[in-house]
Amino acid sequence: MQPVIIERSETTMSGMDPALKPRLRRRSTFESVAWVVCSLVGLGILISVSTNPNFKWGVVAQYFTHETILRGLMLTIFLTFASMALGTLLGLGLAIMRASSIKPVAATAGVYITLFRGTPVLVQLIFWFNIAALYPNLTIGIPFTDIGTAIDVNALMAPITAALVGLTLNQAAYMAEIIRGGFSAVGKGQIEAADSLGMSGAMKMRKVIIPQAMPSIIPATGNQFIGMFKETSLVSVLGVAELLQSAQLIYARTYETIPLLIVASLWYLVMTLLLSYPQAKLEQKYSRTTSRLPRKAKKVVLTAPEGIAR
Amino acid sequence: MSTDGTIHARGIRKSFGPKTVLQNIDLDIASGEICCIIGPSGSGKSTLLRCINGLETVDQGILKVNGENFGYYETDSAYHALPPKKLAEQRTRVGMVFQQFNLFPNMTARENVMAGPVLVKGTDKKQAAKRAHELLASVGLASFGDHYPAQLSGGQQQRVAIARSLAMDPEIMLFDEPTSALDPEKVGEVLSVMQDLAKKGMTMVVVTHEMGFAREVSDSLIFMDDGFIVERGDARKVLRDPKEPRTRAFLEKVL
């Protein structure tokens with residue numbers, strides 16, 4: 001007969017079964033030191049921030065829900081959503097052009113993307129604001145006839161229009177690259193399968209390529225969205241009364257610069273955090289792409305017996 | 001639309017850059033014929049198949065599928081590429097089954113089978129769904145219509161892929177190593193579906209390593225090596241008694 005249980009000689013040491021002893025994580029000296037140092041530094045900053053009267057937390061609280069600030073916040077939200085929506089649409093168009101087999105079409109998109117990604121968005125915004133210097137009048141009409149109307153570009157390019165145009169055109173270039181990346185993640189076999197069924201180019205795009213590119217496009221778009229929210233602060237240089245400019249308008253009058261910048265920063269932070277939640281959810285949802293399981297697939301329960309080929 | 005189902009090729013040449021992958025290929029496949037193409041990797045057998053439904057274009061030679069010049073129209077001096085719409089129409093008459101199945105992962109099995117008729121031919125959805133059900137039943141997957149490809153085994157996916165091609169009512173079916181990516185135990189279920197199809201009189205060209213299938217189901221056999229057709233003939237005869245030493249050497253290794 002062989003012994004069923006191995007001899008437990010160690011049991012005698014502490015009276016504990018060695019097989020049941022917990023396994024403890026190793027704590028390094030560095031970890032303990034880091035805890036102490038970071039706690040001290042954090043505490044120091046907290047004390048300094050809360051006791052330094054120059055922060056004027058009362059002023060921050062007073063202006064946090066000030067009408068001007070809230071109106072600025074609404075404009076910031078509008079600019080973010082509008083330029084993201086328009087930029088994504090235009091970006092999709094550019095990505096499709098970029099993927100075209102017709103050289104001039106692909107090259108046009110390529111040049112656009114290079115220009116708009118290669119220059120700072122701040123410069124682009126100022127450029128669109130001053131476009132009237134290049135083209136003072138915009139004439140819409142039929143070429144070589146007198147029919148048509150002239151539009152004063154200076155009046156057309158109001159600060160908010162320039163802001164929207166600048167942000168949209170810039171965003172489109174970035175979105176085009178994101179969408180193109182998504183397209184190229186779709187396998188060659190998928191395109192061949194669509195081809196062999198006789199699908200047209202547009203059909204292939206709509207039914208095969210775009211749906212499969214979404215998992216890699218959507219999380220990246222969420223990131224762009226959060227980025228765009230903060231990028232809108234740049235349009236304050238055009239005098240558009242968005243969140244930052246609203247804060248600036250107030251402190252230009254009251255000289256309470258820091259408290260108002262804190263107000264603006266807190267709002268940016270709040271909005272970014274609010275946007276991060278759906279962003280994290282989206283990323284989670286689409287990170288499962290390796291399993292290639294579409295969302296709806298989860299609902300189907302495997303109950304039917306396997307069919308047998310006859 | 002005529003029901004032709006023939007493939008006719010003379011002197012086909014195809015190269016990728018400096019590398020010639022098909023040379024001097026002659027092919028005559030009759031309506032309802034089952035032809036297996038065998039040969040070592042890189043011999044050009046897949047490329048030949050891909051030329052027959054236009055996934056690759058041939059550089060030179062005559063290629064007639066279903067009695068028409070494939071992908072091109074002929075004038076006195078040249079072959080001119082067909083507009084995409086016309087090429088797509090020709091392709092709908094040639095079904096293709098891929099080694100890696102290539103089902104659309106964003107669609108259920110039924111939607112995959114319906115994709116061709118609904119999206120390309122504009123068939124009524126209800127009618128297409130009914131047909132898709134029949135086709136899935138005919139490959140033994142009647143109850144799997146709502147499953148996504150990721151929920152199916154390789155063998156099941158390949159059977160859906162066959163049903164998807166059949167939904168277009170092609171005259172010719174091409175199979176590019178349809179069982180090579182499958183677990184050994186799933187190979188049989190796909191082969192038996194193909195065998196059924198052969199009995200129904202479908203013209204089939206099958207690139208395969210399944211010598212058993214070639215022997216039992218195939219009418220003719222083509223052995224390719226290095227871009228050439230080395231030997232062709234009655235499938236059983238070639239497998240039993242190959243004429244060319246290269247064919248014999250290959251068969252000795254695989255049988």
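The values are calculated or read from the model by the stated rules, or taken from the named source; none is laboratory data. Quantities reported herein were computed from a predicted structural model and do not represent experimental measurements. Cβ coordinates were reconstructed from backbone atoms using ideal geometry, including for glycine residues, and neighbour counts include every protein chain displayed. Note: areas computed on protein heavy atoms with side chains; ligands, DNA, RNA excluded. Shrake-Rupley method; radii C 1.70, N 1.55, O 1.52, S 1.80 Å.
Residue B:57 meets all of the listed conditions (1) in contact (Cβ under 8 Å) with a residue 12 or more places away in the chain; (2) facing chain A (nearest Cβ under 10 Å) but one, namely (2).
Within the span defined as segment A:165-182, one or more residues are within 14 Å of another protein chain (Cβ to nearest Cβ) and in contact with a Ser or Thr (Cβ under 7 Å, 6 or more places away or on another chain). Looking at segment B:60-90, which of the residues that are touching a residue at least 24 places away in the same chain (Cβ under 8 Å) and either in contact with a helix residue (DSSP H, G or I) (Cβ under 6 Å, 6 or more places away or on another chain) or among the β-branched types (Val, Ile, Thr) (or both) is nearest to the other protein chains (Cβ to nearest Cβ)? Only one residue tops the list, namely B:65.
Restricting attention to segment A:147-156, does a residue exist that is open to solvent by 50 Å² or more (accessible area, probe 1.4 Å), closer than 30 Å to residue A:226 by Cα and aliphatic (A, V, I, L, M)? Yes; the residues of segment A:147-156 include at least one that is open to solvent by 50 Å² or more (accessible area, probe 1.4 Å), closer than 30 Å to residue A:226 by Cα and aliphatic (A, V, I, L, M).
The residue that is nearest to residue B:92 (Cα to Cα), among those in segment A:184-209 that are open to solvent by less than 40 Å² (accessible area, probe 1.4 Å) and more than 7 Å from chain B (Cβ to nearest Cβ), is A:194. Being surrounded by fewer than 16 Cβ atoms within 10 Å (Cβ to Cβ) and touching a Cys at 6+ places or on another chain (Cβ under 9 Å) is true of residue B:57.
Once segment B:108-136 is narrowed to residues that are among the hydrophobic types (A, V, I, L, M, F, W, C) and at the interface with chain A (Cβ under 8 Å from one of its Cβ atoms), the residue that is nearest to residue B:166 (Cα to Cα) is B:115. Restricting the search to helices (runs of 4 or more DSSP H) fully inside segment A:36-146 and requiring at least 2 residues that are modelled with pLDDT under 95 and more than 30 Å from the chain's Cα centre (by Cα) gives A:57-64. Only one entry of A:140, A:179 meets the criterion of being on the phi < 0 side of the Ramachandran plot and surrounded by 11 or more Cβ atoms within 10 Å (Cβ to Cβ), and that entry is A:179.
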